[in-house]
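The values are calculated or read from the model by the stated rules, or taken from the named source; none is laboratory data. This structure is a prediction, so every number in the text was calculated from the model and none was measured. Please note: Cβ atoms are built from the backbone with ideal geometry, for glycine as well, and neighbour counts cover all protein chains shown.
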Ligand SMILES: [Zn+2]
Ligand SMILES: [Zn+2]
């Protein structure tokens with residue numbers, strides 16, 4: 001049996017509870033990757049401590065808070081609307097300039113270049129919560145210890161392994177798009193811009209270098225840390241804690257977690273998303289706040305977004321859990337899993 005035949009067999013044999021075969025043996029990444037990822041992960045956190053220390057007793061300047069909120073919203077929506085709903089799942093078609101704008105905004109969130117981001121996320125959908133998923137909290141099994149270890153892996157640990165996702169395989173469409181390749185190459189520069197802009201804005205508003213420094217801390221690094229952990233919580237918590245009102249594929253344990261809805265711009269309606277991956281709205285039920293879907297709606301009204309995949313009421317109803325099998329959506333109606341299978345083969 002060849003290596004790939006063994007991998008395919010291990011995936012077919014997976015029972016939904018045991019540790020993933022070979023999951024515990026993953027080699028750590030090379031020193032350079034660990035160093036770089038470590039800096040990107042740890043530095044914003046250290047900055048949080050420094051920022052709190054400096055603000056202690058004298059409060060935070062309003063300008064710092066407003067700048068932090070503005071940068072959080074712009075870069076966050078770049079990830080959710082741009083990286084995720086547009087580039088990964090094609091849930092709408094955007095004007096070419098808007099694709100670039102969203103790609104640039106998302107790149108400023110320190111979450112890797114957009115082509116790698118999309119490749120990892122498509123692989124996550126192709127193998128959700130079974131062997132092959134780059135960041136499943138079920139990797140080490142369903143024992144208490146395995147779950148805790150899995151949670152740490154799904155949140156952060158997966159970035160420190162040598163388990164690379166092939167962009168040629170999972171994101172060939174983006175590699176063929178010169179504009180997206182250019183944005184992906186500009187990722188390190190965009191990270192610098194993402195920190196320099198708040199510094200300059202803070203300096204200009206306060207008229208002092210110290211004002212620039214505190215804006216750099218709050219609207220630069222602390223904002224990066226918060227968005228990173230919210231995004232990673234969708235990978236970790238939203239596959240473990242919360243409700244599962246919709247049917248997903250076998251072994252997929254994605255959940256809806258309402259407390260994160262606003263901070264994650266609607267991405268924590270993750271069970272709805274895994275049930276209907278190409279849908280532009282993740283909050284499929286009434287009252288499920290989804291600011292990313294609101295922005296896509298605005299783009300549509302302005303004529304900047306077309307072919308938007310809005311939820312189909314009957315289809316959603318058929319995907320609810322607890323509905324008899326004969327009333328559920330037929331598999332051939334599932335465009336996305338067919339595409340997943342192409343990547344998963
Ligand atoms: Zn997921
Ligand atoms: Zn997705």
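A few remarks follow.
- Of all residues in segment 74-90 being more than 16 Å from ligand 1 (Cβ to nearest atom) and free of Cβ contacts under 8 Å to residues at least 60 places away in the same chain, the one that is nearest to residue 201 (Cα to Cα): 74
- Check on residue 53, over 13 Å from residue 159 (Cα atoms) and outside any helix (DSSP H, G or I): no
- Answer residue from segment 263-280, given it is outside any helix (DSSP H, G or I) and more than 15 Å from the chain's Cα centre (by Cα) and is farthest from residue 247 (Cα to Cα) among those: 279
- Failed condition for residue 169, given (1) at pLDDT below 95; (2) more than 16 Å from ligand 2 (Cβ to nearest atom); (3) more than 15 Å from the chain's Cα centre (by Cα): (1)
- Residue check, residue 162 over 20 Å from residue 14 (Cβ atoms), surrounded by fewer than 22 Cβ atoms within 10 Å (Cβ to Cβ) and in contact with a strand residue (DSSP E or B) (Cβ under 8 Å, 6 or more places away or on another chain): yes
Each row is one residue, and each column tells you yes or no for (1) more than 16 Å from ligand 2 (Cβ to nearest atom); (2) touching a strand residue (DSSP E or B) at 6+ places or on another chain (Cβ under 9 Å); (3) within 14 Å of residue 94 (Cα to Cα).
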{"site": "269", "(1), (2), (3)": "no, yes, no"}
{"site": "287", "(1), (2), (3)": "yes, no, no"}
{"site": "291", "(1), (2), (3)": "yes, no, no"}
{"site": "296", "(1), (2), (3)": "no, yes, yes"}
{"site": "303", "(1), (2), (3)": "yes, no, yes"}
{"site": "309", "(1), (2), (3)": "no, no, yes"}
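- Residue-level analysis places residue 295 outside the set of residues that are away from ligand 1 (no atom under 11 Å from the Cβ) and assigned to a loop (DSSP other than H, G, I, E, B).
- Given (1) in contact (Cβ under 8 Å) with a residue 24 or more places away in the chain; (2) more than 19 Å from residue 276 (Cα to Cα); (3) away from ligand 1 (no atom under 16 Å from the Cβ); (4) surrounded by fewer than 23 Cβ atoms within 10 Å (Cβ to Cβ), number of the condition residue 143 does not satisfy: (1)
Yes/no matrix, rows are residues, columns are (1) outside any loop (DSSP other than H, G, I, E, B); (2) buried (at least 21 other Cβ atoms within 10 Å of the Cβ); (3) within 15 Å of ligand 1 (Cβ to nearest atom):
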residue	(1), (2), (3)
105	yes, yes, no
112	no, no, no
116	yes, no, no
120	yes, yes, yes
131	no, yes, no
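- Restricting segment 161-174 to residues that are touching a helix residue (DSSP H, G or I) at 6+ places or on another chain (Cβ under 6 Å) and assigned to a helix (DSSP H, G or I), the residue that is nearest to residue 29 (Cα to Cα): 167
- With respect to the stated conditions, residue 87 is under 15 Å from the mean Cα position of the chain (by Cα) and either at pLDDT 85 or above or crowded, with 16+ Cβ neighbours inside 10 Å (or both).
- Selection within segment 42-84: residues that are more than 18 Å from residue 297 (Cα to Cα) and under 15 Å from the mean Cα position of the chain (by Cα). The member of this set that is surrounded by the most Cβ atoms within 10 Å (Cβ to Cβ) is 75.
- Some residue of segment 70-91 being farther than 15 Å from residue 183 by Cβ, outside any helix (DSSP H, G or I), touching a helix residue (DSSP H, G or I) at 6+ places or on another chain (Cβ under 6 Å) and within 16 Å of ligand 2 (Cβ to nearest atom): yes
- Subset of segment 249-267 (residues that are surrounded by fewer than 24 Cβ atoms within 10 Å (Cβ to Cβ) and within 12 Å of ligand 2 (Cβ to nearest atom)): 252
- Residue tally, condition outside any helix (DSSP H, G or I) and touching a residue at least 60 places away in the same chain (Cβ under 8 Å), over segment 211-249: 7
- The residues in segment 138-166 that are within 13 Å of residue 239 (Cα to Cα), within 17 Å of the chain's Cα centre (by Cα) and more than 16 Å from ligand 2 (Cβ to nearest atom) can be counted, and the count is 4.
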